[in-house]
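See below for the structure under consideration.
Please treat every number below as a calculation from the coordinates, not as lab data. This structure is a prediction, so every number in the text was calculated from the model and none was measured. Reconstructed Cβ throughout: ideal geometry from the backbone, glycine too, with neighbour counts over all protein chains shown.
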Amino acid sequence: MSARLPRTALSRGPAGSLPELAARYLEEYLDKIRLAVERLSEDQLWWRPAPGTNSAGNLILHLCGNLSLWLLAGVGGRPFERHRAEEFSADRTHGKAELLARLEEVVAACRGVLAAVEPADLERPAAIQGYETELLDAVVHAVEHMSYHTGQIVWIAKELGAGREPLEYYPRHRGE
């Protein structure tokens, strides 16, 4: 496992704006996913805890699709054609390095979109994935969605690594 700990959104002081805070959280979740996935073998990347559940590989593909739809297309106006069902049906179609590189690329592009968002932009209406909403809602949804699936990917890595060195993101809080 990489010795590098995740960059945390709150450890860098006040963000100054919601888009900047959102970008920081996307970066933090990316780091957590990277550290978790580094512990998995190529086979474990596609392990499903039970029938009807998703593997870490599926969840990474899903995050790429969701972030691309909600932030890159919905907020940034970039063209994007999503194939959501394929995110969940994929099995051993991509390796760890490829999936992590793809997620890193999407998160970097999302950070760029968020950097261009002005506070007044957050009130603009948006229609995304059948929802009539505002850009503020889209940003919060995307960050919350990535948080949720980051937790699932981390759980998979912990479950499959039971008995090995623990996966720990906040050693400075040990013993609190």
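Between helix 18-38 and the chain there is an angle of about 20 degrees, using the helix long axis and the longest principal axis of the Cα atoms.
Work out the length of the dipole vector of the chain about its Cα centre, built from +1 on the beta-carbon of each Lys and Arg and -1 on the beta-carbon of each Asp and Glu, and round it to the nearest 20 debye. List each step's numbers first, then the result.
Details: 20 positive and 25 negative charges, 110 e Å.
In total the dipole reaches around 540 debye.
Once you have a ≥ b ≥ c as the square roots of the Cα gyration tensor eigenvalues for the stretch 16-163, tell me rounded if a/c is under 1.5, and otherwise prolate or oblate according to whether a/b is larger than b/c. Because a/c hits 1.5 or more and a/b exceeds b/c, the stretch 16-163 counts as prolate. As a rough guide to protection, the peptides 154-164, 37-47 ranked by mean Cβ packing within 10 Å, highest first, stand as 37-47, 154-164. Summary value for the chain: 30 percent relative contact order, contacts being C-alpha pairs under 8 angstrom separated by 6+ residues. A dipole drawn for the chain from +1 and -1 charges on Cβ atoms has a positive end, and of Ile128, Ala108, Ser41 the residue lying farthest that way is Ser41.
For the pair Ala120 and Thr8, label points projected 7 Å from Cα toward Cβ lie 3.7 nm apart. Other residues lying with their Cβ under 11 Å from the Cβ of Met146 contribute a combined charge of -2, Lys and Arg counting +1, Asp and Glu -1.
Which of the three applies to the stretch 31-72, rounded, prolate or oblate, going by the alpha-carbon gyration tensor with a ≥ b ≥ c and a/c under 1.5 meaning rounded? In terms of gyration-tensor shape, oblate.
The long axis of helix 135-160 is offset from the longest Cα principal axis of the chain by roughly 0 degrees. For the chain, the longest principal axis of the alpha carbon atoms and the long axis of helix 96-115 meet at an angle near 30°. By the helix-only formula, in which each DSSP H run with n ≥ 4 contributes -39500 (n - 2.57) and the sum is divided by residues, the chain has a 222 nm mean residue ellipticity of -16500 deg cm²/dmol. Residue order for Glu168, Glu20, fewest other beta carbons within 10 angstrom first, comes to Glu168, Glu20.
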